[in-house]
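J.: For reference, the structure I am asking about is given below.
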Amino acid sequence: MIVGLDDHLIPTDLALTAHERALEPERLTCIGGGHFAPCSTQSPIAAQSTLDWSGKHLT
């Protein structure tokens, strides 16, 4: 789960609560920025997090 710490569409506290309830395998990556930061300003961090998780759990 990639969570923007300044997300105004899905409040950070709700996202973190959802992560706490998630079953394994799970991973949390918190990034600066809002809801669309994983696709823009924080895309390198979001992409690497996705690749790392996928490589570990989908291979």
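The values are calculated or read from the model by the stated rules, or taken from the named source; none is laboratory data. None of the values given here were measured: they were computed from a predicted structure. For neighbour counting, all protein chains shown are included, and Cβ atoms are generated from backbone atoms with ideal geometry for every residue, glycine included. To get the accessible areas, we keep the full protein, side chains included, count just its heavy atoms, and leave off ligands, DNA and RNA. Shrake-Rupley method; radii C 1.70, N 1.55, O 1.52, S 1.80 Å.
J.: Say each of residue 53 and residue 19 gets a label point 7 Å from the Cα, pointing the same way as Cα to Cβ; how far apart are those two points in nm?
T.: With each label placed 7 Å out from Cα toward Cβ, I get 0.9 nm.
J.: May I ask you to give the solvent-accessible area per residue for the chain, in square angstrom, as obtained with a 1.4 angstrom probe?
T.: The answer is 72 Å² per residue.
J.: Just to confirm a number: summing +1 for Lys and Arg and -1 for Asp and Glu over residues other than residue 53 whose beta-carbon lies under 11 angstrom from that of residue 53, what do you get?
T.: 0
J.: Continuing with the same structure: Lys and Arg at +1, Asp and Glu at -1: add these up for the other residues within a Cβ distance under 12 Å of residue 36 and post the number.
T.: -2
J.: At a 1.4 Å probe radius, carbon and sulfur cover how many percent of the accessible area of the chain?
T.: The value for the chain is 61 percent carbon and sulfur by accessible area.
J.: In the chain, with Lys and Arg counted as +1 and Asp and Glu as -1 at Cβ, which of these residues, 58, 8, 41, has the Cα nearest the positive end of the dipole, that is, farthest along it?
T.: Value computed over the given set: 58.
J.: With charges only on Cβ, +1 for K and R and -1 for D and E, what is the dipole size of the chain about its Cα centre, in debye, rounded to 20? Could the numbers behind the result be given before it?
T.: Numbers: 3 positive and 7 negative charges, 34 e Å.
The dipole of the chain has a size of about 160 debye.
J.: Quick one: which residues, 5+ away or cross-chain, put their amide H under 5 Å from the amide H of residue 30? H built at 1.01 Å from N.
T.: 3
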